[in-house]
Amino acid sequence: AIQVMRHLIGLGHQRIGLVYGVANPFLGAERLKAYADALESAGLQGDETLIARCGTTIEAGYQAAHRLLELNPRPTAIVVINDILAIGALHTATSRGLRVPDDVSIASFDDIEIAAYINPSLTTSRVNAEEVGRTAARLLMMRIQNPSLPPQSIRIPVRLMVRASTGRAPSP
C-alpha cells in the first residue's frame, strides 16, 4: 500500500480517494493504515469523505467509486483495496465519460490475471501468493513441532506493477 501511495503522490496526486471494501476489517487494516500514513508523510490532509466503504463485489466497487467521483472537487486518483473492486471503479470512471488516467488515476492490489488485460490495464501491487502460502505452511509446521516458539513476523516482498491506469495528476 505504501508503494501504491508513493507512486500516486509522486505523480502529483494530492486528493486521493480510497475504495475500501473487505469482508473482514482486519484483512484491509494494514492497507487503510498505509493509505493514511502515506498522506500524512507527504503533508497531505486526510479526509474521511475520501474513504468510500463498501462490500466486496464488482458492483460494490462501482458504487463506491461513483460516490467518490460525485465529490466536488473529486479525487484525482483512487486507490482500491483489491483488483475485483477496481474493475468496478474503472467502469464507473469510463461510464461517467472520464478518461483513465488523464482525468483520474486508479490503482489497486493483488495483480489478479485480468488486471493486465482490462482496458486500461490496471496498476496494481503484486504479492507472490505461492511464496506466502509456502511461508505460512512452513511456520505452521514449525509451530506444530514446537508450540512454545515466539511469534514471528515475516515480510514477503511486493512489486508494484505500473500499467496504464495511472498517470500524472490532471492540472487544476
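Each Cα pair under 8 Å and six or more residues apart adds its sequence gap; the mean of these over the residue count of the range 1-95 is a relative contact order of 37 percent.
Counting only C-alpha contacts under 8 Å and six or more residues apart, can you give the relative contact order of the chain as a whole percent? For the chain, the relative contact order is 24 percent. Dipole of the chain computed with +1 at Lys/Arg Cβ and -1 at Asp/Glu Cβ about the Cα centre; of ALA52, ILE9, ILE118, farthest Cα towards the positive end is ILE9.
Heavy atoms of the protein chains alone define the surface here; on that basis the range 24-172 has 59 Å² accessible area per residue at 1.4 Å probe size. Exposed loop sites were defined as trypsin sites (Lys or Arg not before Pro) in DSSP loop states (anything but H, G, I, E or B) carrying at most 13 other C-beta atoms within 10 Å; in the chain the longest segment without such a site runs 1-98.
Please list the equivalent ellipsoid semi-axes of the range 86-172, computed as the square roots of five times the alpha-carbon gyration tensor eigenvalues, in descending order and whole angstrom.
Values: eigenvalues 303, 31, 20 Å².
Semi-axes, largest first: 39, 12, 10 Å.
Computed over the chain, the convex hull of the alpha-carbon atoms projects to a mean area of 10.5 nm².
For the range 114-131, putting each phi into the Karplus relation 6.51 cos²θ - 1.76 cosθ + 1.60 with θ = phi - 60° gives couplings of 5, 4, 7, 10, 6, 10, x, 4, 8, 6, 8, 9, 9, 10, 6, 4, 5, 5 Hz, in residue order, rounded to whole numbers and with x for Gly and Pro. Just checking the listed ones, ILE156, ILE144, ILE87: in the Gaussian network model of the chain with Cα springs under 10 Å, the one fluctuating most is ILE144.
Can you show me the helix-derived [θ] at 222 nm for the chain, built from DSSP H runs with n ≥ 4 at -39,500 (n - 2.57) apiece and divided by the number of residues, rounded to the nearest 500. Please list the in-between numbers first.
Details: 5 runs with 68 residues, N = 172.
Mean residue ellipticity at 222 nm (helix-derived): -12500 deg cm²/dmol.
You can think of it this way: the chain between VAL127 and LEU140 has 2.7 nm of extra reach, that is 0.36 nm per residue less the Cα-Cα gap.
So what does log10 I(q)/I(0) come out to for the range 64-121 at q = 0.13, 0.14, 0.28 Å⁻¹, using the Debye formula with one equal point on every Cα and no solvent? The Cα Debye sum returns log10 ratios of -0.28, -0.32, -1.27.
Fully extended, how many nm does the chain gain between ASP102 and PHE26 (0.36 nm per residue separation, minus their Cα-Cα distance)?
Details: separation 76, 0.36 × 76 = 27.36 nm, distance 3.34 nm.
That works out to 24.0 nm of additional length.
A straight chain from ARG74 to ARG155 at 0.36 nm per residue would run longer than the Cα-Cα distance by 25.7 nm.
Relative to the dominant Cα principal axis of the chain, helix 58-69 is inclined by about 50°. GNM remark for the chain: springs join alpha carbons under 10 Å apart, and the peak mean-square fluctuation among ALA52, ALA29, ALA77 falls on ALA29. Just the protein heavy atoms count here, and of the accessible area of the chain at 1.4 Å, carbon and sulfur take up 55 percent.
The values are calculated or read from the model by the stated rules, or taken from the named source; none is laboratory data. Values in this document were obtained by computation on a predicted structure and should not be read as measured data. Cβ coordinates were reconstructed from backbone atoms using ideal geometry, including for glycine residues, and neighbour counts include every protein chain displayed. For the accessible areas, the whole protein counts, side chains as well, though only heavy atoms, and no ligand, DNA or RNA atoms are used. Shrake-Rupley method; radii C 1.70, N 1.55, O 1.52, S 1.80 Å.
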